[in-house]
Each structure stands twice: as structure tokens, then as C-alpha cells.
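The block underneath contains the structure these notes are about, expressed in C-alpha cells.
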Amino acid sequence: MTAQDIIIRPIITERSMAGIGMKKYTFEVAKDANKVEIAKAVEELFDVKVSKVNTMNVRGHLRRQGRTEGYTPSWKKAIVSLTEGSKAIEFFEGMM
């Protein structure tokens, strides 16, 4: 898998934006990617140094429209911590 296949999109929420000051960035990643692959993909795409990766599987939520109900897709989330000497990711800098 290439780095673009592993990192699907950034997660932009209040909680994820609060972690930017501590150099923690949140991404939606491929479900079959492991922590080592995620770290290498972030380092390749954004030219930064990764110190730690935390991952979690997010279950789909039950949603209803009238009498029809179903589940949203499940996905995988990764919180990537950068090293102290690493530069920030420019994509997130414009959001603050």
C-alpha cells in the first residue's frame, strides 16, 4: 500500500484540534494498516518525525430515516504524536 492509500483523511473536530498544541494529529486510516505503516506514511507525506501512533477502531453508529434503520460504516482512527524537534504539519496550521 502507498502512503496515500493508508492516510485517508484528517479528522477535524474540537477535540482533535485541541491536540495540535501538543503535536498530536488525528487521521482516518485504512482498516488493515498497522502502527508502523501509519507512522511511515505520515513521515513520507508530511516530512515530519513521528514518535508514537495510537490507533482505535470506530464502530458504525445506528442511524434511522423514518422506519428504515442501518449502520454507518466502521472505520479506523489514528492519533499521531510528533517528536519535539519535528516541524508542525502545515495543513492543520490554517485551521487554528
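Hey, among the residues in the range 49-90 that are more than 22 Å from Thr13 (Cα to Cα) and among the acidic types (Asp, Glu), which one's most open to solvent (accessible area, probe 1.4 Å)?
Glu84
Scanning the range 62-78 for residues that are among the small types (Gly, Ala, Ser) and assigned to a loop (DSSP other than H, G, I, E, B), which turns out farthest from the chain's Cα centre (by Cα)?
Restricting to residues being among the small types (Gly, Ala, Ser) and assigned to a loop (DSSP other than H, G, I, E, B), the top hit is Gly66.
Condition first: over 12 Å from the mean Cα position of the chain (by Cα), farther than 20 Å from Lys87 by Cβ and of a type in the set (Asp, Glu). Now tell me which residues in the range 1-55 satisfy that.
Asp5, Glu14, Asp32, Glu37
Select, from Glu84, Glu93, the only residue that is among the charged types (D, E, K, R) and under 16 Å from the mean Cα position of the chain (by Cα). Walk me through it before giving the result.
Working: Glu84 fails: under 16 Å from the mean Cα position of the chain (by Cα).
That would be Glu93, the only listed residue that is among the charged types (D, E, K, R) and under 16 Å from the mean Cα position of the chain (by Cα).
Taking Ala3, is it small (Gly, Ala, Ser) and in contact with a Leu (Cβ under 6 Å, 6 or more places away or on another chain)?
yes
Output the number of residues of the range 8-61 satisfying the condition of being of a type in the set (A, V, I, L, M) and part of a loop (DSSP other than H, G, I, E, B).
Residues in the range 8-61 being of a type in the set (A, V, I, L, M) and part of a loop (DSSP other than H, G, I, E, B): 5 in total.
Quick one: in the range 22-31, which of the residues that are out of contact with any Asp or Glu (no Cβ under 9 Å at 6 or more places or on another chain) and among the basic types (Lys, Arg) is surrounded by the most Cβ atoms within 10 Å (Cβ to Cβ)?
Quick first cut of the range 22-31, residues out of contact with any Asp or Glu (no Cβ under 9 Å at 6 or more places or on another chain) only: 22, 24-28, 31.
Filter once more, keeping what is among the basic types (Lys, Arg): 24, 31.
Details: Lys24: 15, Lys31: 11.
So, considering only residues that are out of contact with any Asp or Glu (no Cβ under 9 Å at 6 or more places or on another chain) and among the basic types (Lys, Arg), the one surrounded by the most Cβ atoms within 10 Å (Cβ to Cβ) is Lys24.
Any idea how many residues of the range 32-48 are touching an Asp or Glu at 6+ places or on another chain (Cβ under 9 Å) and either open to solvent by 70 Å² or more (accessible area, probe 1.4 Å) or of a type in the set (A, V, I, L, M) (or both)?
2
The values are calculated or read from the model by the stated rules, or taken from the named source; none is laboratory data. This one's a predicted model, so the numbers in the text were calculated from it and none came from an experiment. Backbone-built Cβ (ideal geometry, glycine too); neighbour counts: all protein chains shown. Accessible surface is based on the protein model in full, side chains and every heavy atom, while ligands, DNA and RNA are left aside. Shrake-Rupley method; radii C 1.70, N 1.55, O 1.52, S 1.80 Å.
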